[in-house]
Amino acid sequence: MKKNLYDYFYGTKKNQKPLTKEDTASGNRFVEFWKIYFRKFFKFITVNLVYTIFTYPLFCGALVYLVRHSEGFLKMLSDEAIISAFPWLAVMTTGSIEILSSNFAWVGYLLFGIAALLYGPLTAGYFYYLRNSAREEHVWFSDVYTKAKKNLKQGLLFGILDLVIVYSLLTYAISYATGEGAAVNIYQFTKYLAYFLGILYFIMRFYIYTMIVTFDITVMKTLKNSVIFLVANLPWNLWILVITVAATVVTFLINSIASFILFPMLYLTLVHFAGVYYAYWPIDKYMIQPALAEKAAKGENSAEEEPLFKD
């Protein structure tokens, strides 16, 4: 039977039989990850494009924030080498600033406010899509919306936390201290400590959003469990960082419009799915399976659309 590259990646029935869970199961997490990733590649691109569009105002807001508060970033944007290598960056930044300086500034602020409110719940729905993909279960594109609505409160809370942390790190990135003395040393220590904690939180996010679409537990327990998994799953967490750095290098250190195209196609699909995939299995082992065993012992049925565990 003739094989078609599109059918292989998308898993359609047009020219070949779709791969099943048994076909991709090798017992090797590294191998399984790439099999699933390439099998669902085009579906990931589709959902990531939608996710990128809805979060686009936040990215523009970050650029405007950097321009207005960082002389170094503004100088970088006026560098001809940067402009020629990343023309989309200059266009997005100048366009955003012009909108906020015009009579239509309210439109820009409104879009930013809507994106800030939608970001957390949308991320929860998006991670639900990735979680089901990681465990080779069917998921509809519309599930992103339904799960975002269902996890509105916790999604909103963690979304705001994400944004606060990101903009705090941006503030540290553009600030500096001159001179010598204890005050300067303390500032430098807190700055690098903030970077380190930001990296840890970047990993914790994958556990946080996966747990809030899987369990009905408190915010504090979600944070506590994410810290535990941060340590318990350390080798794979380091691997997630390696994938993130590699994707960042490939995406942003190549010139021209390619980096703009590769951002939703490569960076978001690869980094997000890798994070959810390697975060899900310890959650499954230490939380889902015990919860299912407890339900089975009580003679309860576990409905897929309902939280597996309540606390």
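No lab work stands behind these numbers, since they all come straight from the coordinates. From a predicted model like this one, the values you see are computed outputs, not experimental measurements. No Cβ is skipped: glycine too gets one built from the backbone with ideal geometry, and neighbour counts run over all protein chains shown.
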Check your understanding: Rg and Dmax of region 40-297, using alpha carbons, in Å: what are they?
Key -> 19.7, 67
Review point. What pairs in Lys40/Lys147; Lys153/Lys221; Lys35/Lys285; Lys35/Lys149 have C-alpha atoms more than 23 Å from each other?
Key: Lys35/Lys149
Revision key, fill the gap. Hits in region 72-92: amide N under 18 Å from the 7 Å Cα→Cβ extension of Tyr187, namely 72-73
Practice item. For region 53-152, just the Cα atoms, rotate onto the principal axes and tell me the three extents in Å, largest first. Key: 48, 32, 18
